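So the structure is just underneath, and the comments pick up after that.
Derivation of every value follows stated rules applied to the coordinates shown; laboratory data play no part. A quick note: this is a predicted structure, and the numbers were derived from the prediction, not measured. Cβ: placed from backbone, ideal geometry, glycine included. Neighbour counts: every protein chain shown.
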Amino acid sequence: MDKSTHEMRLMKWTAIIKECRSSGKTVTAWCSENNISSKSFYYWQRKVRNTVFDTMKDTKIQSNTKFVQLPAPIDSSIDTPSFKADMILHVGNNILELSNSTSENLLSTVLKVITAEK
């Protein structure tokens, strides 16, 4: 299959998937109402997801993500909410002030980024 045919099919499948997902109905019910095989729907969904994943991998979006500290001017006229840290972590030159409501997922992600800098 040539590239333009594949791209046209992906565009058509993506539109169908978006329409189904935004309908508020189950995939089975929506497919039945629109005379589409649910097997075809899931096949198209898998093809679209794989293409998106391959594109992300090719452009290396995930590995090029970096955090940069930006200087922020201190304006004493702005009222800032007070934050009281429940825990303070020192990792290298970084200081993390955490509350008890910090999710495990967020903490894990931040620690991976900080420790990868070394």
* Asked: Out of residues 5 or more away from A85 or on other chains, whose amide H comes under 5 Å of its own, with H placed 1.01 Å from N in the peptide plane?
  -> none
* Structure fact -> By the Cα gyration tensor axes a ≥ b ≥ c (a/c under 1.5 gives rounded; else a/b larger than b/c gives prolate, otherwise oblate), the shape of region 3-59 is prolate
* Structure fact -> Taking 0.36 nm per residue of separation between Q69 and D86 and subtracting their Cα-Cα distance, the length gained on full extension comes to 3.8 nm
* Table column - 3J(HN,Hα) (Hz), region 100-106, Karplus curve with 6.51, -1.76, 1.60, x for Gly and Pro -> 5, 8, 5, 6, 4, 5, 5
* Structure fact -> The residues V68, V113, V27, sorted from fewest to most surrounding Cβ atoms within 10 Å, come out as V68, V113, V27
